[in-house]
Every structure is written in structure tokens, then in C-alpha cells.
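The values are calculated or read from the model by the stated rules, or taken from the named source; none is laboratory data. In this text, all values refer to a predicted model and were calculated from it rather than measured experimentally. Cβ placement follows ideal geometry from the backbone for every residue including glycine, while neighbour counts extend to all protein chains displayed.
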Amino acid sequence: MFEFALGAKWLEVLQQLVPGLAEAAVIYDRSTPSSLGFLQVMTAAAPVIGVKLSATPVSSESDIEASIAAAGVGANRGLIVLPGSLMGVHRELITTLTARHRIPAVYGLRDNPAKGGLASYGVDSVELYRKAASYLDRILKGEKPGDLPVQGATRFELMINLRAAQALGLDLPPALLFGADELIE
């Protein structure tokens, strides 16, 4: 989850989900160091695609509630939830609040659409575990960990929860649906 270019992709996916997107709110776990890298990329990408970006760090359940309520005020808005341990702990709260406030939200982890969130774009975690297993095998066979090359993710996946899209009244573009790796019905 250190591929910071994902920040721009999350904005792009949100823009495809919400025609006429004018503002994207971002909530992030202030204790997750990688959030700053994602935010830097998103801040640079937002003016290029014509979207105003507002980012809010959260550190508690009440922060999450207030931030999501504020993100839902106004038209042509959406939310991006950056990955972090706090976001994982409060996954159900976040997906419930985005549904209640009718906020289209994009997440960095596939667990969110599976639990009722709208969409996610991120690394294929199965691929990462397979790579980790091959590294472990090489280490157990005597290779030094410091001699192994650093590898990043090579496969990314888009998941869309069609029930969440319908509940939000979104008419999803066929190209977006066709490009999705998984559609949850």
C-alpha cells in the first residue's frame, strides 16, 4: 500500500462514479505515515481533473462521524477513504455513514465494497501474499533477505458494489463496469 500514484487513480474512479464531481473529501488516519504520500499525489492531481480536494485527518470514531457528515453537505461531492488501521477498525461505521449521508465513496481496500461500500481500487492482496510466500521460500533456502530485490504490486483491482450504487442513485458508465475486476450484486 505504498504505491502513492493510487491517490490519483482514486480521484479518477470517484470522478467516473459521480458525473460532475466538483469536490472530493478525503479522510485519513493521522497515525498512518503513508497517508501523506497519497495526499501529496491527490493534491497535485485534483486541479488537473478540475476537482476541489479537502482532506481531514481523523483519530477517533467521533472524528470519522463528523468528517463524513461534513463531506455529505452539497451536491456533486464524493469521499475517498485512505487505508489505515483506524479505517479498518471502523469499516462498518464508515460504510454505514456513507450510505446514510448518501455519499459516494472510494476506498483503497477491497474489504470495503464487500461490506457495503461503493467502490475500491487497490493492490491485489492475493498477489502480494503469493510474492511474500516466494520470498519466504527463497530465504528458507538460504538467500539473504537483504539480497532480495524490492518488489511492488503489479496487479491492481477495481471492485464496485452495485447495490450501493443503486442505493445512491448512480447511473454507472458501462466502460467503468466493463473495466471492473469484480461487481458485487
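Within the stretch 106-117, restricting attention to residues that are in contact (Cβ under 8 Å) with a residue 60 or more places away in the chain and within 11 Å of Ala164 (Cα to Cα), the residue that is farthest from the chain's Cα centre (by Cα) is Ala114.
If you go through the stretch 127-151 and keep only what is under 25 Å from the mean Cα position of the chain (by Cα) and not hydrophobic (A, V, I, L, M, F, W, C), you end up with Glu127, Tyr129, Arg130, Lys131, Gln151. Counting only residues that are surrounded by fewer than 17 Cβ atoms within 10 Å (Cβ to Cβ) and either in contact (Cβ under 8 Å) with a residue 24 or more places away in the chain or on the phi > 0 side of the Ramachandran plot (or both), the stretch 45-55 holds 4 of them. Every condition in (1) without any contact (Cβ under 8 Å) to a residue 24 or more places away in the chain; (2) surrounded by 19 or more Cβ atoms within 10 Å (Cβ to Cβ) holds for Ala24 except the one numbered (1).
Cβ-Cβ distance below 6 Å, separation of 6 or more or different chains: which pairs start in the stretch 136-163 with a residue that is within 24 Å of Phe4 (Cα to Cα) and end on one that is of a type in the set (Gly, Ala, Ser) and modelled with pLDDT of 90 or more? Here the result reads Leu158/Ala180; Met159/Ser120; Ile160/Ala119; Ile160/Ala180, each pair linking the stretch 136-163 to a residue that is of a type in the set (Gly, Ala, Ser) and modelled with pLDDT of 90 or more.
Do any helices (runs of 4 or more DSSP H) lying entirely in the stretch 62-140 carry at least 1 residues that are crowded, with 21+ Cβ neighbours inside 10 Å, and which ones are they?
85-89, 91-100, 111-114
Only residues that are part of a helix (DSSP H, G or I), surrounded by fewer than 16 Cβ atoms within 10 Å (Cβ to Cβ) and not small (Gly, Ala, Ser): list them for the stretch 141-169, please. Correct list: Pro145, Asp147, Arg163, Gln166. In the stretch 78-94, the residues that are assigned by TED's automatic domain parsing to the domain that holds Val13 reach residues that are among the basic types (Lys, Arg) and in a loop (DSSP other than H, G, I, E, B) with C-beta atoms within less than 8 angstrom, at least six apart or across chains, in these pairs: Arg91/Lys115; Glu92/Lys115.
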